[in-house]
1. What is the residue count in the stretch 57-71 for residues that are open to solvent by 40 Å² or more (accessible area, probe 1.4 Å) and under 22 Å from residue 181 (Cα atoms)?
2. Can you pull out every residue in the stretch 111-166 that is open to solvent by 40 Å² or more (accessible area, probe 1.4 Å), modelled with pLDDT of 75 or more and within 26 Å of residue 82 (Cβ to Cβ)?
3. Of the residues that make up the stretch 64-75, is at least one in contact (Cβ under 8 Å) with a residue 40 or more places away in the chain, aromatic (Phe, Trp, Tyr) and in contact with a Cys (Cβ under 9 Å, 6 or more places away or on another chain)?
4. From 29, 25, 47, grab the single residue that is open to solvent by less than 40 Å² (accessible area, probe 1.4 Å), closer than 17 Å to residue 183 by Cβ and of a type in the set (Val, Ile, Thr).
5. Report whether or not residue 236 is open to solvent by 40 Å² or more (accessible area, probe 1.4 Å) and in contact (Cβ under 8 Å) with a residue 24 or more places away in the chain.
6. Pick from the stretch 217-233 the residues that are of a type in the set (Gly, Ala, Ser) and within 22 Å of residue 175 (Cβ to Cβ): which of them is surrounded by the most Cβ atoms within 10 Å (Cβ to Cβ)?
7. Among the listed residues 108, 2, which satisfies the condition of being over 22 Å from residue 199 (Cβ atoms) and at pLDDT 85 or above?
8. If I filter the stretch 138-154 for residues that are without any contact (Cβ under 8 Å) to a residue 60 or more places away in the chain, under 22 Å from residue 60 (Cα atoms) and part of a helix (DSSP H, G or I), do I get at least one hit?
Amino acid sequence: MSMDSISYPGRSKRMAGGMEAIMDVYEAVTSRRAVRGFTDEPVSREVLERVLSAAAWAPSGSNIQPWNTYVLTGAPLAELKTNAVERVAHGDPWDKRQYKMYPSELKSPYAERRSAFGKERYSALGIAREDWEARQRAAIANWNCFGAPAALFCYIDCDLGRPQWADVGMYLQTIMLLLRAEGLHSCTQMAWSQVRETVAEVLSPPEGLILFCGMSIGYEDPAVSSPRTGRAPLAETVTFIGG
């Protein structure tokens with residue numbers, strides 16, 4: 001599909017390269033955040049197809065496009081939410097991860113950043129560090145997609161390597177920015193890999209695919225706090241060399 005064949009709403013003027021501007025790129029990037037509270041307003045199939053058709057233009061090494069994506073709405077998503085929430089609530093053991101989410105010992109400054117995120121997250125929810133039950137309830141919301149009416153599940157072939165995983169990351173980021181252009185929000189969730197067998201019961205993916213993450217998609221519920229987490233100063237992560 002060519003870029004000119006994709007229809008975008010809201011603007012009549014086309015910019016250089018034949019692409020319409022819906023939201024400034026900087027606005028899309030800076031307004032994107034992990035939203036953990038959605039309304040039940042449906043997300044149309046047309047919008048989801050438009051976003052995913054454009055996201056297919058994300059870069060990948062030698063254009064191998066290593067992503068395998070499933071989108072759930074309606075009854076299938078409701079079934080998956082119910083199954084996953086019940087499984088977690090019953091305390092069933094996690095499925096063995098097919099990849100390592102974090103190193104066993106996270107060194108500085110990454111450990112400090114992760115710790116700061118946890119404090120910000122639970123503080124925003126009004127949950128004390130020692131309140132284990134409240135933390136568990138907050139975690140279970142993951143498997144209800146935080147109330148979102150649409151969810152995406154992204155798989156990668158087990159035979160592919162680290163560069164292809166990076167390609168999948170760029171693809172997912174492209175999706176999230178395009179969702180912002182549509183007025184939608186999202187939350188990527190590697191937590192779904194812990195119940196991958198429950199997901200597979202609904203999706204029936206081919207053998208040899210690894211579930212990387214899920215992504216909740218919908219319209220933000222303003223009544224639910226979804227604060228932005230901080231970012232390291234530029235000088236801490238970027239080195240400029242040259243004039």
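1. Matching residues across the stretch 57-71 total 5.
2. Within the stretch 111-166, 140, 144 meet the criteria.
3. Yes, the stretch 64-75 has at least one match.
4. That would be 47, the only listed residue that is open to solvent by less than 40 Å² (accessible area, probe 1.4 Å), closer than 17 Å to residue 183 by Cβ and of a type in the set (Val, Ile, Thr).
5. Yes.
6. Result: 218.
7. Being over 22 Å from residue 199 (Cβ atoms) and at pLDDT 85 or above holds for just one of 108, 2, which is 108.
8. no
The values are calculated or read from the model by the stated rules, or taken from the named source; none is laboratory data. Bear in mind the structure is a predicted one, so any value in this text is a computation, not a measurement. Using ideal geometry, Cβ is built from the backbone for each residue, glycine included, and neighbour counts are taken over all protein chains shown. SASA here: full protein model, heavy atoms, side chains in, ligands and nucleic acids out. Shrake-Rupley method; radii C 1.70, N 1.55, O 1.52, S 1.80 Å.
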